[in-house]
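The values are calculated or read from the model by the stated rules, or taken from the named source; none is laboratory data. These numbers were taken from a predicted model, which means no experiment stands behind them. We place every Cβ from the backbone using ideal geometry, glycine too, and count neighbours over all the protein chains shown.
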Amino acid sequence: MLPQNIHFLDLPFYETGRVRKKPIGDRDIQIIVELLEQIQPHQIYAAGDLSDPHGTHRLCLAAVTAAVERLSDCDWMQACDVWYYRGAWREWEPHEIEMAVPLSPDEVERKRMAIFKHESQKDKALFPGPWDPREFWQRAEDRNRHTAETYDRLGLPEYQAIEAFLRWRPGGRPPA
């Protein structure tokens, strides 16, 4: 990934200095709208993990969803797929998965290193939830490995790990 393709949005809702974030505001949504208009992507990937005990994924998803809805009449947006992935807490059910991407051992390692670069996920989880003491990278790897094992049990090819995605279109229901 090229540095010029990385965008840190610094959304206003996030900058509270506290665990609890501000509600999503119009400025948060407009920042995402402007970036999407500039890039006009063919695919958008968003954390659809609403079981995040911290709640940040839910707020980010609400902002992305609102931005995509505002742009839904644009020609380029009508050809854009929005893919939701899950985080460290749980996976999509097999019948919900619309795209399954096999991960090699090297890709699993690369994903682990990417998680380590995320400030709130590189050490002990700041918001682990009450039921799971594992670190984020362990949860993510276990989730991806479990998905691959599920596909194997269903008679599909055997992989080290699988990252699963659910497609969303404007006007559709976000994940539960």
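Things worth noting here:
- Identity of the residue in the stretch 1-57, among the acidic types (Asp, Glu) and surrounded by fewer than 17 Cβ atoms within 10 Å (Cβ to Cβ), that ends up modelled with the lowest pLDDT: Glu15
- Residue list for the stretch 152-163, filter: over 19 Å from Trp89 (Cα atoms) and either aromatic (Phe, Trp, Tyr) or touching a residue at least 12 places away in the same chain (Cβ under 8 Å) (or both): Leu154, Pro157, Tyr159, Gln160
- Checking each residue in the stretch 150-165 for being in contact with a strand residue (DSSP E or B) (Cβ under 9 Å, 6 or more places away or on another chain) and not in a loop (DSSP other than H, G, I, E, B) picks out Thr150, Tyr151, Ala161, Ile162, Glu163, Ala164, Phe165.
- The lone exception for Met99 - which of (1) over 17 Å from Arg169 (Cα atoms); (2) at pLDDT 95 or above it fails: (1)
- When the stretch 68-87 is filtered for residues that are touching a strand residue (DSSP E or B) at 6+ places or on another chain (Cβ under 9 Å) and buried (at least 17 other Cβ atoms within 10 Å of the Cβ), the ones remaining, listed by number, are Val68, Cys80, Val82, Trp83, Tyr84, Tyr85, Arg86, Gly87.
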